[in-house]
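Encoded as structure tokens, the structure appears first; notes follow it.
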Amino acid sequence: MEDCIFCRIIKNEIPSQKVHETPTIVAFRDIHPVSPTHILILPKKHIPSVSESSAVDQSLLGELILTAKALASENGLEDYRLVINNGEGAGQTVFHLHVHLLSGRFFSWPPG
Ligand code: AMP
């Protein structure tokens, strides 16, 4: 966990553009945004991925979605996409569970 980049951001060992913080959750701007708004929302608890979450994380997982909703609302975003990549094959590159809040451009479906 000490080498987890998101744990280091949570501990302010690495700078980030934080937009929201509670005792359990943090949100900051993605360093390589893929849309005009690209915010990452994550639990402070080090859960590597959705696959490695469990029933004890139920409330925390709910908080992630409700935080995304609140941040979207605060930023006046009506249309947005929430993404959770699970596993390398799905595009996960940082193994600390996080939700991408993406908005500000059109997103096609299905994704490429
Ligand atoms: P994922 O590929 O779903 O694991 O998403 C990881 C995201 O973390 C990518 O969109 C990266 O651009 C982003 N990221 C990696 N390092 C940092 C950092 N130091 N600050 C902010 N975002 C980062």
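The values are calculated or read from the model by the stated rules, or taken from the named source; none is laboratory data. The structure presented is a predicted model; accordingly, all values stated were derived computationally and were not measured. So basically every Cβ, Gly included, is an ideal-geometry build from the backbone, and we count neighbours across all protein chains shown. Heads up: the accessible areas ignore ligands, DNA and RNA and are worked out on the full protein's heavy atoms, side chains in. Shrake-Rupley method; radii C 1.70, N 1.55, O 1.52, S 1.80 Å.
In the assembled protein chains, residue 3 presents an accessible area of approximately 130 Å² (probe radius 1.4 Å). Here the chain has 55 percent of its accessible surface on carbon and sulfur atoms, given a 1.4 Å probe and all protein chains in place. What whole-number distance in Å separates the alpha-carbon centres of segment 29-43 and segment 53-112? That distance is 10 Å.
Residue 61: net charge of surrounding residues, Cβ under 14 Å, Lys/Arg +1, Asp/Glu -1, itself excluded?
With Lys, Arg at +1 and Asp, Glu at -1, the neighbours total 0.
Think of a 1.4 Å ball rolled over the protein heavy atoms: the chain then has 61 Å² of accessible area per residue. Computed from label points 7 Å out along Cα-Cβ, the spacing between residue 3 and residue 106 is 4.4 nm.
Axis angle, to the nearest 10 degrees, between helix 58-74 and the longest C-alpha principal axis of the chain: 40 degrees. Checking the a/c ratio against 1.5 first, then a/b against b/c, what shape does the Cα gyration tensor give for segment 9-74? Taking the square roots of the gyration eigenvalues as a ≥ b ≥ c, segment 9-74 is prolate. If you run the Gaussian network model on the chain, springs between alpha carbon atoms under 10 Å, then out of 60, 42, 102 the most flexible one is 60. For the chain, a/c is less than 1.5, where a ≥ b ≥ c are the root eigenvalues of the C-alpha gyration tensor. That puts it in the rounded class.
Say a paramagnetic label sat at a point 7 Å from the Cα of residue 59, along Cα to Cβ; which residues of segment 1-40 have their backbone N under 12 Å from it? Residues passing the 12 Å test: 24. Computing FRET efficiency as 1/(1 + (r/R0)^6) for residue 79 and residue 31, where r is the C-beta to C-beta distance and R0 is 30 Å, gives about 0.80.
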